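Report on one structure; see the data block that follows.
Just so it is clear, none of the values below were taken in a lab; they were calculated from the coordinates. No experiment lies behind these values; they were computed from the predicted model shown. Because the Cβ atoms are built from the backbone with ideal geometry, glycine has one as well, and the counts that use them run over all protein chains shown.
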Amino acid sequence: MSSGPRQSLSNTRRGDPGGPPRNRSRRNSGQGLARAGTSGPGGSGLEQILLWTGVAVVIGLVVVVVAFFATRPPSEATPSGIRTPTVLTPSNIPSSGTTLGRSDAPVTIDLYGDFRCSACFYFSVTSNVEGEIVDKYVRTGQAKLVWHDYTIIDADGTTASRDAANAALCAADQDKFWVMHDWLYANQAADESASAFTIDRLLQIGQAAGMNMAQFRPCVQQGSHDATVAAERKSAPSISGTPSVLVNGKQVDPSTVPTYADLSAAIEAALN
């Protein structure tokens, strides 16, 4: 998978297989030691003492610095090829598991998605409809957003959608589902390729996202939440593609990717 900018994306929904396609620098310090002047042969003994004392101090400092860097553990830099999200879910909104927002919010927005789905990327990142809805309604306590895994693209015979969903739930175990949600979308393949979400790459994404790897690694490798992902797929309401959004149980424009106007109208109607 290329780590460069994403190519053009369609805003058509990802439909179920079998049906017709839907209209879907490094910084250089430049620092050096100033040369110390020395007195000539006629210089005083005190000057010589001060000179050699200064030299000894410098040498001592060099030894300390070298020892520090020699024993310092390697830093965990962002792995090569892993992209940092440009659209982030606000961290100051209460969340629990896969739910973002207050538990007592009067409106529930159910979002069914697949982290490999390019139309879902369009909804959440490119058009930022998800972010605008979160900002206006979830942040203000009028609605809560609930994510549901609908791993539709694994119908191609791979398990990358399931594995990405499992990784997000492993992050939820650390109260970081929405952090992982953002990092997964940032590292999705524009062509929905399964190679974007191999187990090794999901671990790299998790490391970059700040997961506790002692907990995250075995959870991802063992597929700890695979059964949960599969059960949610089976128990989903009658929807035909991703992303699908329901407001208080009613689906918003099932024929295409919902717009902000469509969702806002549905939420306002539910509030009133």
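Below, the figures for the structure above:
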{"read-out": "Cβ-based exposure ranking for LYS250, LYS234, LYS136, LYS144, in which fewest neighbours within 10 Å come first", "value": "LYS234, LYS250, LYS136, LYS144"}
{"read-out": "Spacing of the two label points (7 Å from each Cα toward its C-beta) at LEU271 and LYS234, in nm", "value": "3.9"}
{"read-out": "Gained length - SER224 relative to SER96, 0.36 nm times residue gap less alpha-carbon distance", "value": "44.2 nm"}
{"read-out": "Residues MET213, MET180 arranged by fewest to most Cβ contacts within 10 Å", "value": "MET213, MET180"}
{"read-out": "Nitroxide proxy distance, nm - points 7 Å out along Cα→Cβ at THR198 and SER103", "value": "4.1"}
{"read-out": "Segment 103-161 and segment 191-236: distance between their alpha carbon centers, rounded to Å", "value": "17"}
{"read-out": "Formal net charge of residues neighbouring SER264 (Cβ-Cβ distance under 15 Å; K, R +1; D, E -1)", "value": "-3"}
{"read-out": "Cβ-based exposure ranking for ARG139, ARG201, in which fewest neighbours within 10 Å come first", "value": "ARG139, ARG201"}
{"read-out": "Taking segment 125-272 and dividing mean pair separation by its residue count, relative contact order in percent (alpha carbons under 8 Å, at least six apart)", "value": "25"}
{"read-out": "Contour excess over end-to-end distance, with Cα ends at TYR260 and THR158 and 0.36 nm allotted per residue", "value": "33.5 nm"}
{"read-out": "Cα pair distances exceeding 14 angstrom across segment 192-272, given as percent", "value": "74"}
